[in-house]
Amino acid sequence: MNFTKTTEQSSHYDSLKTMSVNGLFKKSISEIQNHYYIIILILIFTSCKKHNDNDVSKNEFVKIWQSRKSIIPHKAHLNIKSDNTFDYKDSGCQWSSNSFGTWKIIKDTLILNSIPSKECQYVNGFGNNCRVAKFGEDFTLETSIKDCKPDERNGDYTTFTNDKFYLKNDTLEYVTNIKFPFNDRIAFFAKN
């Protein structure tokens, strides 16, 4: 048997060798690209955060809010703190009230809930939960501590019970079912 290569056989052998090296090289690049695409997709999907267009950032609520101008001379401040607590102070000519508690955000709505006062104070609800004396009604305000005698200089305690607010432009609007006279509303704007 003759094992010598002819020029034709050698050239055919070289082209097969080149094709197989190029094929391996192309196959390796293709596999690397596939791995690269898989890694990119994994990074994209793991770094994506579920976002709802109706969700509002916590930072949009965290600030000191001041009541809008009102018919009755009074001023209220609502301090929404970053630790999910709030302070509320409200005062008029001869009265004042305060509150403190916790807050949370659900979608675009701020929800406030008061913590019971440990001081002896008269207690009334905020907004939808506010009790108002009706003509001819024997009306007695509750107290924060049973049978205590509040010192009126301490003011009243306003309780927030799932009271809801939402942002409208730069105003914190109260969600209410109460019709106020003169189309007034409970709203706060950011204090400068």
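Readers should treat all values here as calculations from the given coordinates under stated rules, not as data from a laboratory. Since the structure is predicted, the reported quantities are computational estimates derived from the model, not experimental observations.
Below are the figures for this structure:
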item: Amide proton proximity set for VAL62, modelled H, under 5 Å, gap of 5+; result: none
item: 5 angstrom amide H check on GLY155, placed H, neighbours 5+ away; result: none
